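The values are calculated or read from the model by the stated rules, or taken from the named source; none is laboratory data. What you see is a predicted model, and the numbers here were worked out from it, not measured in a lab. FYI the Cβ positions are ideal-geometry reconstructions off the backbone, even for glycines, and counts take in every protein chain you see. These area figures cover heavy atoms from the full protein model, side chains too; ligands, DNA and RNA do not enter into them. Shrake-Rupley method; radii C 1.70, N 1.55, O 1.52, S 1.80 Å.
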Amino acid sequence: MKVLTLNFLTCAVKACKSSPASHPLHPKDAELVQDELEVNPDMIVNVLPRLDWTALRTTSSELGFPPLPDQPPTAEELEADDKKLKDLHHLLLETSISEGKLVCGNCGHEYAVKEGIANFLLPSHLV
Amino acid sequence: MSRPEDTLAADVYYDDSEARKYTTNSRIQNIQASMTRRALELLDLPHPSLILDVGCGSGLSGEILSALTPEENGPHVWVGMDVSPSMLDVALQRDVEGDLLLADIGQGVPFRAGSFDAAISISAIQWLCSAESSDTSPAGRLSRFFNGLYASLKRGGRAVCQFYPKNDQQKKMITEAAVRAGFGAGLLEDDPGTKNVKLYLVLTVGGTNIEGKGDITGVVEGMEGVDVMDIRRKAKNLGGGPMKKGSKAWIMQQKGRMERKGRIVKATSKYTGRKRRPAF
């Protein structure tokens, strides 16, 4: 489960849909793996405006990364500064959670992550 | 061909052996690959994007998304959802690049609003039409799926879902569910009338102005060998103006309405709605 995906995931429980606390999901007992991937600058620039930067800051601090700046970088900054782009790429795409749990901040439901696959199946009374 | 949808639920049907068979069968691989390419053509993505693969299975279609070259506006980053653990297990062994999620699309799409540039689904959504337990219905699952998908796509985003409907009724049910969720929807049929017919449900979000055209038909604008058939209902009451009370047409309408309510209605004959002769 890449950090990029985690930034878009919300709690699947119906009652949490309207609550702002259901996003982002909080990683718990997370084991991280790093993969080498080719940098895809166009893709990052494309996704940048849709990233929830506050959520990303929360996630990265919970995963034990150095704090991110308050404001998201702009597309021009990323194109000019190769280091910034690499760092963001490393955090978003190369870092992934392989084992652990994702916890909803609203209802406390825990989604298990095994071998990088999160289990979002719900019992039918929660749908 | 037999329909696995009729026998078992997706997560039960695709067990370890069935998932392996599905993935290693070169005929299925070829068909899936050509359908994915066709879907990509319909999506017409201008730059590397974030794509949701609905019912990704073992990642046969996702592989193609990651393998696109920069000339083809790729490679795309994708997130796959599937309900069958065995299929995802095969995907893990094949070392696909996308992120995988074990989730039932009939329970909704657990992403926040406006997450994805596009969504793709190859031979998956017909599974929604078979509800396996008493507390879910096909209609409910379809509406949860399409509502979730609609929310998770960004404005101007597109989704292409290839599916195998069992009959016309199922085709209609799926399309109507998509329209009800707010999508602009169109059906594209490849090789119509043959055994190899392939049906693509093309969905658009919000963007009312696709390549200058006001509606869904703009998606296939400029594509070769595509005929547009518009069967949308034109203005409903062509006669114009309210029906005259007491006229034959009005009586027929009332009778129809009562019949639909389940009332007992006299059969319609040639005398229905006729004036009595004054001599009577």
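Looking at the structure I just gave you, is B:Asn167 farther than 26 Å from B:Ala9 by Cβ, more than 14 Å from chain A (Cβ to nearest Cβ), open to solvent by 20 Å² or more (accessible area, probe 1.4 Å) and polar (S, T, N, Q)?
no
Among the residues of segment B:178-194, are any part of a helix (DSSP H, G or I), buried (at least 21 other Cβ atoms within 10 Å of the Cβ) and not basic (Lys, Arg)?
Yes, because at least one residue in segment B:178-194 is part of a helix (DSSP H, G or I), buried (at least 21 other Cβ atoms within 10 Å of the Cβ) and not basic (Lys, Arg).
Kindly provide the set of residues from segment A:4-19 that are in contact (Cβ under 8 Å) with a residue 12 or more places away in the chain and more than 10 Å from every other protein chain (Cβ to nearest Cβ), ordered by number.
A:Ala15, A:Ser19
Give me a count of the residues in segment B:82-96 that are more than 8 Å from chain A (Cβ to nearest Cβ) and assigned to a loop (DSSP other than H, G, I, E, B).
Qualifying residue count for the region: 4.
Only one of A:Leu102, A:Leu37, A:Leu88, A:Leu93 is at the interface with another protein chain (Cβ under 9 Å from one of its Cβ atoms), closer than 26 Å to B:Asp117 by Cβ, crowded, with 21+ Cβ neighbours inside 10 Å and hydrophobic (A, V, I, L, M, F, W, C); which?
Unique residue meeting the criteria: A:Leu93.
Listed here are the residues, each with its yes/no results for (1) in contact (Cβ under 8 Å) with a residue 24 or more places away in the chain; (2) more than 11 Å from chain A (Cβ to nearest Cβ); (3) open to solvent by 20 Å² or more (accessible area, probe 1.4 Å).
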{"residue": "B:Glu71", "(1), (2), (3)": "no, yes, yes"}
{"residue": "B:Gly80", "(1), (2), (3)": "yes, no, no"}
{"residue": "B:Asp99", "(1), (2), (3)": "no, no, no"}
{"residue": "B:Val109", "(1), (2), (3)": "yes, no, no"}
{"residue": "B:Asp117", "(1), (2), (3)": "yes, no, no"}
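Given (1) surrounded by 10 or more Cβ atoms within 10 Å (Cβ to Cβ); (2) modelled with pLDDT of 90 or more, where does B:Ser269 come up short, assuming only one miss?
Result: B:Ser269 fails condition (1) only.
Just one of A:Asp82, A:Asp42, A:Asp29, A:Asp52 is within 13 Å of chain B (Cβ to nearest Cβ) and open to solvent by 60 Å² or more (accessible area, probe 1.4 Å); which is it?
Result: A:Asp42 is the single residue among A:Asp82, A:Asp42, A:Asp29, A:Asp52 that is within 13 Å of chain B (Cβ to nearest Cβ) and open to solvent by 60 Å² or more (accessible area, probe 1.4 Å).
Do you know which residues across segment B:130-146 are open to solvent by 20 Å² or more (accessible area, probe 1.4 Å) and within 12 Å of the chain's Cα centre (by Cα)?
Result: B:Ser143, single match.
So, A:Pro69, is that one surrounded by fewer than 20 Cβ atoms within 10 Å (Cβ to Cβ), out of contact with any Leu (no Cβ under 8 Å at 6 or more places or on another chain) and more than 10 Å from chain B (Cβ to nearest Cβ) or not?
Yes; evaluated as a whole, the condition is true for this residue.
Yes/no matrix, rows are residues, columns are (1) aromatic (Phe, Trp, Tyr); (2) at pLDDT 75 or above; (3) closer than 30 Å to B:Gly114 by Cα:
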{"residue": "B:Thr208", "(1), (2), (3)": "no, no, yes"}
{"residue": "B:Thr217", "(1), (2), (3)": "no, no, yes"}
{"residue": "B:Val228", "(1), (2), (3)": "no, no, yes"}
{"residue": "B:Lys234", "(1), (2), (3)": "no, no, no"}
{"residue": "B:Leu238", "(1), (2), (3)": "no, no, no"}
{"residue": "B:Trp250", "(1), (2), (3)": "yes, yes, no"}
{"residue": "B:Lys255", "(1), (2), (3)": "no, yes, no"}
{"residue": "B:Arg260", "(1), (2), (3)": "no, yes, no"}
{"residue": "B:Lys275", "(1), (2), (3)": "no, yes, no"}
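Taking only segment B:119-139 into account, find how many residues are away from every other protein chain (no Cβ under 12 Å), assigned to a loop (DSSP other than H, G, I, E, B) and under 21 Å from A:Asn119 (Cβ atoms).
1
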